[in-house]
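Remarks on the structure that follows.
The values are calculated or read from the model by the stated rules, or taken from the named source; none is laboratory data. Keep in mind that what you see is a predicted model, and the values were worked out from it rather than measured. Cβ sites come from the backbone with ideal geometry, for glycine too, and all protein chains shown count toward neighbours. Each accessible area value is taken on the protein alone, full model and side chains, heavy atoms only, with ligands, DNA and RNA left out. Shrake-Rupley method; radii C 1.70, N 1.55, O 1.52, S 1.80 Å.
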Amino acid sequence: MPKRSFRRPAVDTAVTAFERRIAPLLEREPRSAAGRRRVAQENDARMCDALDIAILDVATEEHVVPVADHPDVRVRVYWPSALRAEPGADLPILLYFYGGGFTIGGIDWVSWDARFRERARDAGVIIVAADYSRAPEVRFPAQPEQCWSALEWVHEHAGELGGSPARIAVGGGSSGGNLAAVTTLLNRERNNRPIRLQLLENPVVDLTMGHADMAGLTAAIPGVIVRRVGRRLVRQYLGGRPGAARSPLASPILARSHTGLPAAWICTSELDPLRGDGEAYARALSAAGVPVSVVRYVGQTHTSLGWNRFIPAAAEAHRAVIARLRTLHDDAPEPSADAA
């Protein structure tokens, strides 16, 4: 039998073509957090304009949620159509936290706003997008408290939004996936509101970087560089707090127990160092008896799954997310005697 030779993971050709297409549109980001945030948002707007990203006409509404001892958090509600749902419509609600390494991103970015609109329409759900504070101007643990406060607000106001408090999901991408996972931990320890699903997309769940997986990186991006950038983002988020990275509110995979957390759908990308985080978290949840599904998208990078109009694998990931969100329309299972 011929001996098989190992081949390093290769970037999907559709991803390569897309990256070449957008490269001329991107200005180089400065090192400072504020400068990087400004240029990154300008790049996002420029890309979306050049790519003719559709901004769907769905009803939206903004609210400010008070947060004890930390800055208040702005949330934007997206309904599935141009009409606001009537109170009592009992639609599912997805509370979502954007990604951006804790330092950039936001619900005003064109790409995130477009994604929320599309998912709300396609899945027939209400999306509440929380604009948690960016680091380093505002640091941990403000963000977990803001996200938990947003969950409390969603639960309290679900009926008047046209949603159902029994059909709530929590989700996030990258750093937002971290905050979604942390929010479920805080919820379990505090008021234990019913959460039907946690939807984690390329999440970072270990800020000690103990689960970072560099196996998929190409020689053009050495792992040492990726780790250096990762540590800088972690410092900006956590500040100089000794041992903060080992707190479950920073690294949810390090929680003493994952028992009783919501069912999870997790996706990872083969060429993303965070794939180790997402897949390890899936194992931790499964070991604790939490129903979990995890999908690894071969040939994909950390950001490629966000461009479903241009990359076939991203389109498939979008369909998978929508299919999972549509299950929220089903009746919730009856709570077991143990959960009572």
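Could you tell me which residue of the range 129-149 is farthest from Ala245 (Cα to Cα), considering only residues that are open to solvent by less than 40 Å² (accessible area, probe 1.4 Å) and among the aromatic types (Phe, Trp, Tyr)?
Tyr132
Restricting the first residue to the range 112-138 and requiring it to be at positive phi, which pairs with a second residue that is open to solvent by 20 Å² or more (accessible area, probe 1.4 Å) and outside any loop (DSSP other than H, G, I, E, B) meet a Cβ separation below 9 Å and a spacing of at least six or different chains?
Here the result reads Gly124/Leu91; Gly124/Arg326; Gly124/His329, each pair linking the range 112-138 to a residue that is open to solvent by 20 Å² or more (accessible area, probe 1.4 Å) and outside any loop (DSSP other than H, G, I, E, B).
Under 18 Å from Leu305 (Cβ atoms) and within 20 Å of the chain's Cα centre (by Cα), is that true of Arg74?
On the way: under 18 Å from Leu305 (Cβ atoms): no; within 20 Å of the chain's Cα centre (by Cα): yes.
In short, no.
With (1) buried (at least 22 other Cβ atoms within 10 Å of the Cβ); (2) outside any loop (DSSP other than H, G, I, E, B) as the list, and Gln300 as the residue in question, which single condition is left unmet?
Answer for Gln300: the failing condition is (2).
Tell me which residues, restricted to the range 84-106, are more than 12 Å from the chain's Cα centre (by Cα) and under 21 Å from Trp148 (Cβ atoms). Steps first, answer last, please.
Here is the first cut: in the range 84-106, the residues more than 12 Å from the chain's Cα centre (by Cα) are 84-93, 103-104.
Pro92, Ile93, Thr103 - these are the residues of the range 84-106 that are more than 12 Å from the chain's Cα centre (by Cα) and under 21 Å from Trp148 (Cβ atoms).
Among the residues of the range 252-290, how many are open to solvent by 10 Å² or more (accessible area, probe 1.4 Å), touching a Gly at 6+ places or on another chain (Cβ under 8 Å) and closer than 18 Å to Ala320 by Cα?
Of the residues in the range 252-290, 2 are open to solvent by 10 Å² or more (accessible area, probe 1.4 Å), touching a Gly at 6+ places or on another chain (Cβ under 8 Å) and closer than 18 Å to Ala320 by Cα.
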